[in-house]
Amino acid sequence: LTVDEAAPRWPRLTYDLDVEVCVVGAGLAGLHVALEAARRGASVAVLEGREIGWNASGAQLGTVMPGFGVPLSDLIPRVGMKHATALWALSQAGAESVRAIAADPAMGDVAYTEGALEVSNVDIGDRLIERLQLLGDLGSEVEGWQVDHVRGVLKTDRYFHAIHYPQAFQLDGRKYLRGLVALARHAGVRFFEDTPAVSIDPAGIRKRIVTPLARMRAEQVVLAGNIHLGDPLKRLSDTLLPVWRHAALTQPLGEALSEAIAFHGSVADTDGVDHFRIVGGDRLLWSSPETTWPARPERFAGAIQRRIRTVFPQLREVAIARVWSGVVGQTVHGMPQIGELRKGLWVASGFGRQGLNTTAMAGQLIARGMSDKDDRWRLFSPFELVWAGGRTGRIAGHAIGVAARQASAAAGLLSRYRERAAVRAARSEARLAAANRGAGIRQRPPERSAAEPAPPPRDPPPRDNVSRN
Ligand SMILES: Cc1cc2nc3c(=O)[nH]c(=O)nc-3n(C[C@H](O)[C@H](O)[C@H](O)COP(=O)(O)OP(=O)(O)OC[C@H]3O[C@@H](n4cnc5c(N)ncnc54)[C@H](O)[C@@H]3O)c2cc1C
């Protein structure tokens, strides 16, 4: 069993079929569920409306992090610390499951690298400490990096502090996807491409799934169609806000790249704007703008080029070799939708921009829920299916995204301005001190800013010195 370089094509479903588990959608979510269910002994068939992994799952950059796309500051108040800790542990188990799957010899060389950095675009060291404490309380292994350390490995003045996740890792996203298919196939999963589920009747013990040329019956149906689910359960896809993410691979950039970036894991900024890493020794893999409408990916080559130049001006105008896009489904609360909607009808979607660990986690939760009646998926129950607002929701979602990015861009600008002002002030202070020393004038102590701690009180001069003077 090995992963072929060219993805194999699978037949359409042209005959009626009875299985235990029917998975609708062959992205990362559907593939992880299918693999886990088949490994537990179920007969599994996957229906894919187009080609396996044609969308987000084939477009992702391969960064595997613990956690979810939603900030901890939103998650903890919503469910409480104990519940958030349990969810976080599941998300880490999802990442570990990806690591174990990727280590299967069938995967071949998935270009594995360790570590990820979450860099701050603003100078907020105090918030970094708060976040580090929270992540530590949740059981994550993390390190805080000071500005000097960050700028030692990323030669840019755009970034300040960072959180380093030593246990995060990255792999070649497309190879991993193809490897998943090979492993699932080996476990007995049957794949059908160009076979959309056009209607689903979820009533009864055996559910009926209609496809253009044939019907299927299954005890369990898993809806893993992301935003494309369409007619079979339109109300479900309406709970997702589609967000298109665009990515590019540069041409080889030579030594200039290793001079600018000396970190071999992935880097994502806290604004959620840029996500990048070095691949193949001297190329940059960079994902940047997001839109709430589809567009030809080529249109974003210039935008990505400009982002790279903004962050690393020393790389100048980088040549782009390839650009692509994928659409992710964003829920209103930011957490994935995982669980049993009614007996035997499961949902695995809404994975947003963090889909590798979370889809692997969904695979485990759903497969265990189906075979062992394990109900840990209920930890996701507080995150209901909320209508994402249709077209109006998309426009609002885009406006909110732009406003948030503009606000943090402004904060970043301010931080950098303050930093440059502090450097200028220190230089002129030093020049003044030198000039004063030359003129024999005693230097006045520098004025403290409100944020600086007061120096410790000086010890009073020893008494005997006073008496001697
Ligand atoms: C540019 C980019 C970079 C990313 N980088 C990362 C990263 O580094 N790390 C990370 O963790 N995540 C990343 N993500 C996010 C990740 O890719 C997604 O969260 C994940 O792939 C979602 O998987 P999915 O299976 O839910 O959706 P999809 O990949 O969209 O798969 C759903 C499938 O279901 C099929 N389908 C839908 N309806 C039907 C139907 N009725 N019948 C049959 N088939 C149907 C569709 O055709 C589709 O193939 C990135 C995303 C993008 C776009």
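Provide K82, K234, K207 ordered by accessible surface of protein heavy atoms (probe 1.4 Å), highest first.
Numbers: K82 180, K234 105, K207 5 Å².
Ranking K82, K234, K207 by accessible area, largest first, yields K82, K234, K207.
A straight chain from E51 to D157 at 0.36 nm per residue would run longer than the Cα-Cα distance by 33.9 nm. Only protein heavy atoms count here; under a 1.4 Å probe, I205 has an accessible surface of about 140 Å². Here region 245-282 is scanned for amide nitrogen atoms under 11 Å from the site 7 Å beyond the Cα of R322 along Cα-to-Cβ, giving 248-250. The value for region 227-337 of Rg(Cα) / (2.2 N^0.38 Å) is 1.24. Each label was represented as a point 7 Å from its Cα along the Cα-to-Cβ direction; for R127 and E255 these points are 3.9 nm apart. Counting only protein heavy atoms and a probe of 1.4 Å, the accessible surface of region 1-114 is 55% carbon and sulfur. A simple count of charges around A248, restricted to other residues whose Cβ falls under 12 Å of its Cβ and scoring Lys, Arg +1 and Asp, Glu -1, yields +4.
Taking a ≥ b ≥ c as the square roots of the Cα gyration tensor eigenvalues, with a/c under 1.5 meaning rounded and otherwise prolate when a/b beats b/c, else oblate, which class fits region 109-158? It is oblate, given that a/c is not under 1.5 and a/b is not larger than b/c. Listed by chain and number, the aspartates and glutamates placed with their C-alpha closer than 18 angstrom to that of K234 are E48, D201, E340, E384; residues fewer than eight positions away on the same chain are left out. With every protein chain in place, what's the accessible area of W54 (1.4 Å probe, Å², nearest 10)? Taking all protein chains as shown, W54 has close to 90 Å². Once the chain from T310 to R78 is taken as fully extended at 0.36 nm per residue, the excess over their C-alpha distance is 79.9 nm. Sorting S91, S43 by solvent-accessible area of protein heavy atoms yields S43, S91, largest first, with a 1.4 Å probe.
The accessible-area ordering, largest first, of the residues I52, I366 stands as I52, I366, per a 1.4 angstrom probe.
Summing charges over all other residues whose Cβ lies under 11 Å from the Cβ of A56, with Lys and Arg as +1 and Asp and Glu as -1, gives +2. Maximal additional length on extending the L213-H186 stretch stands at 7.1 nm, based on 0.36 nm per residue less the C-alpha distance.
The values are calculated or read from the model by the stated rules, or taken from the named source; none is laboratory data. Quick caveat: nothing in here was measured; it's all calculated off a predicted structure. Ideal geometry is used to build each Cβ from the backbone, glycine not excepted, and the neighbour counts take in all protein chains shown. Keep in mind that these areas ignore ligands, DNA and RNA; they rest on the heavy atoms of the full protein, side chains included. Shrake-Rupley method; radii C 1.70, N 1.55, O 1.52, S 1.80 Å.
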